[in-house]
1. Under the Karplus relation 6.51 cos²θ - 1.76 cosθ + 1.60, θ = phi - 60°, what is the ordered set of whole-Hz ³J(HN,Hα) values for segment 36-45, x standing for Gly and Pro?
2. Taking the beta-carbon count within 10 Å as an exposure proxy, list 105, 264 from fewest neighbours to most.
3. Mind computing the radius of gyration and Dmax over the alpha-carbon atoms of segment 2-88? Å is fine for both.
4. Just want the answer: with Cβ charges of +1 for Lys and Arg and -1 for Asp and Glu, which residue in 267, 175, 42 is farthest toward the dipole's positive end in the chain?
5. Among all the lysines, which ones have a C-alpha under 17 Å from residue 106's C-alpha, if same-chain residues fewer than 8 places away are not counted?
6. Which number do you get for Rg(Cα) / (2.2 N^0.38 Å) in segment 230-279?
7. Fewest to most neighbouring Cβ within 10 Å: what's the order for 154, 96, 40?
8. Please arrange 232, 192, 213 by counting, for each residue, the other beta carbons lying within 10 Å of its beta carbon, fewest first.
Amino acid sequence: MQEAIKHYLNKDIINKLRLQNGWKESWLLTLSDGEKVVFRASEDYTDFFERERFFYNTVNQSIGKVCPQVYVVDGSLQFSEKAFQISEYIQGDSFRTVLESADADKKMKLYYELGQATAKINQIKVSSFDEELFKSQPWILHYTNELMKPQLLRIVDNKLITIEQIEQLCEKLSAQSPIMEHSLLHRDIRPDNIICNDDKMFVIDAETCELGDPLNELARINLQWHYWENYDSLLNGYKEVLNVDTECEMFYYYQLEQLAEILDMHHNHGCMNSTTPYFKNKFKQIIDMLL
C-alpha cells in the first residue's frame with residue numbers, strides 16, 4: 001500500500017483506517033500533505049475498478065461533480081499483492097445516517113431528490129464504450145445470459161427454481177424489447193452508497209455498473225423495500241426527469257436477478273435473516289406470474 005501511494009502520488013501514509021466494505025479490502029488513508037484518499041484492493045478485480053472509473057468519469061463529465069475521482073487503477077501486482085484502486089475521499093454522511101435524523105417532510109424531499117439524481121444518471125446515453133469493460137451484445141441478451149441466468153442457477157439446489165423454469169424464463173425474455181439501451185446504470189443505489197454533504201448528494205460504489213435499460217435500475221431499487229419507506233417520493237422524483245413504465249412485465253424480469261442474488265446470499269452464504277421470507281415469497285410470486 002505504501003509503495004503504491006509513494007509511486008503514484010509521491011506522498012507518504014501518515015494514518016490509515018480500515019473501512020467496512022464487505023468483501024473488498026478498503027482503507028481511508030491520510031497522506032503526508034493532509035489529503036485523504038480511499039484505497040481499495042481485491043484479487044482479480046481490475047475490470048470492476050475500471051468499470052467504476054468509467055462510470056465516475058462519465059457521470060462527472062455529463063451532469064457535474066456527483067462522483068469521486070479515481071486517480072489510479074492498477075492490476076499489475078507490482079506495487080501491491082492485489083489489484084487496487086486509489087480514489088478521492090468524499091467527506092460527508094451516508095444517506096442512511098441523514099435519514100435517521102430527518103423528519104417526515106425532510107425524508108420525502110431527500111427521496112425525491114435521490115430519484116431525480118438517479119434518473120439524471122440513467123438518462124446518460126453512452127454511444128461508444130470500451131468493449132473490454134462492457135459487452136457489445138444487445139442488452140436483453142447480455143442481461144439474460146450474463147446477469148439473470150447465472151444468478152438463477154445458483155439457487156437451483158435450494159429448490160427455489162428448476163432448470164426447466166430458468167430455460168422457459170430465458171426464452172420468454174428473449175422476445176422482450178427494452179425501452180432504451182446503452183443508458184448508464186449504477187445498479188446498487190442504496191443508502192450506504194449515497195454520501196450527503198451540504199445538501200448535495202454524491203454517488204459511490206459503482207463497480208457493478210452496466211449499460212442498459214433504465215427500468216433495470218428502478219426494479220432493483222424497488223426491492224430495497226426495508227430502506228425505501230418513501231419509495232413513492234423517490235419514484236416521483238425519478239419520473240420527473242425520466243418517465244418509465246414500472247407496471248410492465250420487464251420490470252419483474254429485472255427483479256429476478258437481484259432476488260436470486262439475495263436468496264443465494266441468504267441460503268448459501270449464511271445471511272438468512274428476518275427478510276428471507278419476504279424475498280422468497282416475492283420471488284415465487286414473480287415466477288408464477290411470468291410463467
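1. Here the 3J(HN,Hα) series is 10, 9, 9, 10, 10, 9, 6, 5, 6, 10 Hz.
2. 105, 264
3. Cα-based Rg and Dmax for segment 2-88 come out at 12.8, 36 Å.
4. My answer, from the dipole projection, is 267.
5. Within reach: 200.
6. Output field value: 1.48.
7. In increasing order of surrounding Cβ atoms, one gets 96, 154, 40.
8. 232, 192, 213
Throughout, read-outs are computed from the coordinates displayed, never taken from laboratory work. Only a predicted model underlies this, so the values are computations on that prediction, with no experimental measurement involved. Neighbour counts run over all protein chains shown; Cβ positions are idealised from the backbone, glycine included.
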